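To start, the structure under review is shown below, and the notes come after it.
The values are calculated or read from the model by the stated rules, or taken from the named source; none is laboratory data. The shown structure was predicted, so the numbers you read here are calculated from the model rather than taken from an experiment. Note: ideal-geometry Cβ built from the backbone for every residue, glycine included; neighbour counts use all protein chains shown.
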Amino acid sequence: MNIEKILPKEGPSIEEVEKYIKKYSNEIIVIKCGGSVLIDENLFNQFIEDISIVNKLGLSSIVIHGGGKNIKKKLEKQNIETRFINGLRVTDERTIKIVEEALLELNFEILKNINNSQANAQSVTPKSGNIIKIAPEKKELGFVGTPKEINKDLLLNIIKEKIVPIIMPMGTGDDGNIYNINADVAAGSVAKSLNSRRLLLMTDVEGLLDKNKKLILEINSEVAKKMLEEKTISGGMIPKINTCIDAVENGVTGVVIVDGRKPHSILFELFSDKGSGTLIRK
């Protein structure tokens, strides 16, 4: 394999990549993308390139995408107000249809672009090979669920063929309805079910910040819990950190809150010593 031909000039060095390929060669990497990565054309193209490179290097990766900003736009067009409770979107019957539509559009966009980059991807949605069974969240949230079961055999069959599953963060309930799932929570559940080596959560922030707004490079789950208790962590970062803690305490080796605004943030996180955000371990 000619690594030099695969890597972008502005990415990590060949020496670093060679070192880290060995580390991940028999492992699974779960990547959740969201925020500006799905809106900004340049960042989106770099994200597609990074995922394609990971695939071409022969590593096993799984992508779960959010769609918050896309969903917000579509809801605003219909004059539907968005409400959140503890970082989770309140989703009634009218909203769930718009959420599904927005997420499907994004899913196919990611799929098309990866396949156009000479890499291999496959769409995984509630209507095509659903892998997530949910338990409904609090009634006040409406059609919002928490994953209770992941069809990991289906996922393992896809990645065995060196194909990247592109998972939409929705699942089905026992009532047959489709439910919205916080994309971080969905990614955490998938990573746990497969004992992933890494779970990368792409965001619009540097990573996890301390009280003085300084970036924390590495942290363990106990310290993260303390930060939640002290309310140093707030808003949309709450479900993210809860996902990180839950993942590392249930089989995931490490979770990284990645600054998705940085060029080639996935490549630098996986294949360089400096990384791209905050690493959370048990």
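General remarks:
- Restricting attention to segment 132-168, the residues that are in contact with a Leu (Cβ under 8 Å, 6 or more places away or on another chain), part of a helix (DSSP H, G or I) and hydrophobic (A, V, I, L, M, F, W, C) add up to 3.
- Residues within segment 61-80 that are over 30 Å from L270 (Cβ atoms) and of a type in the set (A, V, I, L, M), tallied: 2
- Selection from segment 232-246 of residues that are modelled with pLDDT of 95 or more and within 17 Å of I216 (Cβ to Cβ): C244, I245
- Flag if N86 is of a type outside the set (S, T, Y), buried (at least 18 other Cβ atoms within 10 Å of the Cβ) and either farther than 25 Å from G235 by Cα or in contact with a helix residue (DSSP H, G or I) (Cβ under 9 Å, 6 or more places away or on another chain) (or both): no
- Single match in N42, N26 (criterion: without any contact (Cβ under 8 Å) to a residue 24 or more places away in the chain, surrounded by fewer than 15 Cβ atoms within 10 Å (Cβ to Cβ) and under 24 Å from I159 (Cα atoms)): N26
For every residue, the table says whether it meets (1) small (G, A, S); (2) in contact (Cβ under 8 Å) with a residue 60 or more places away in the chain.
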| position | (1), (2) |
| --- | --- |
| V205 | no, no |
| K213 | no, no |
| E218 | no, yes |
| A224 | yes, no |
| M227 | no, no |
| K231 | no, no |
| I266 | no, yes |
| G277 | yes, yes |
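- Of the residues making up segment 200-249, those that are closer than 24 Å to S36 by Cα, surrounded by 15 or more Cβ atoms within 10 Å (Cβ to Cβ) and hydroxyl-bearing (S, T, Y) are T203, T232, T243.
- Restricting segment 60-83 to residues that are over 26 Å from L111 (Cα atoms) and among the polar types (S, T, N, Q), the residue that is surrounded by the most Cβ atoms within 10 Å (Cβ to Cβ) is T82.
- Hey, G251 touching a strand residue (DSSP E or B) at 6+ places or on another chain (Cβ under 9 Å) and on the phi > 0 side of the Ramachandran plot or not: no
- Taken over segment 29-39, the criterion of being in contact (Cβ under 8 Å) with a residue 40 or more places away in the chain and farther than 16 Å from S196 by Cα is satisfied by C33, G34, G35, S36, V37, L38.
- Of the set (1) at pLDDT below 90; (2) touching a strand residue (DSSP E or B) at 6+ places or on another chain (Cβ under 8 Å); (3) of a type in the set (D, E), all apply to D184 but (1).
- In segment 104-124, the residues that are touching a Leu at 6+ places or on another chain (Cβ under 7 Å) and either surrounded by fewer than 20 Cβ atoms within 10 Å (Cβ to Cβ) or not in a strand (DSSP E or B) (or both): L106, S123
- Looking only at segment 226-273, and only at residues there that are among the acidic types (D, E) and not in a loop (DSSP other than H, G, I, E, B), the one that is nearest to the chain's Cα centre (by Cα): D259
- Of residues in segment 183-224 being of a type outside the set (A, V, I, L, M) and in contact with a Pro (Cβ under 7 Å, 6 or more places away or on another chain), the one nearest to A102 (Cα to Cα): D184
- I71, sole failed condition from (1) touching a Ser or Thr at 6+ places or on another chain (Cβ under 6 Å); (2) without any contact (Cβ under 8 Å) to a residue 40 or more places away in the chain; (3) among the β-branched types (V, I, T): (1)
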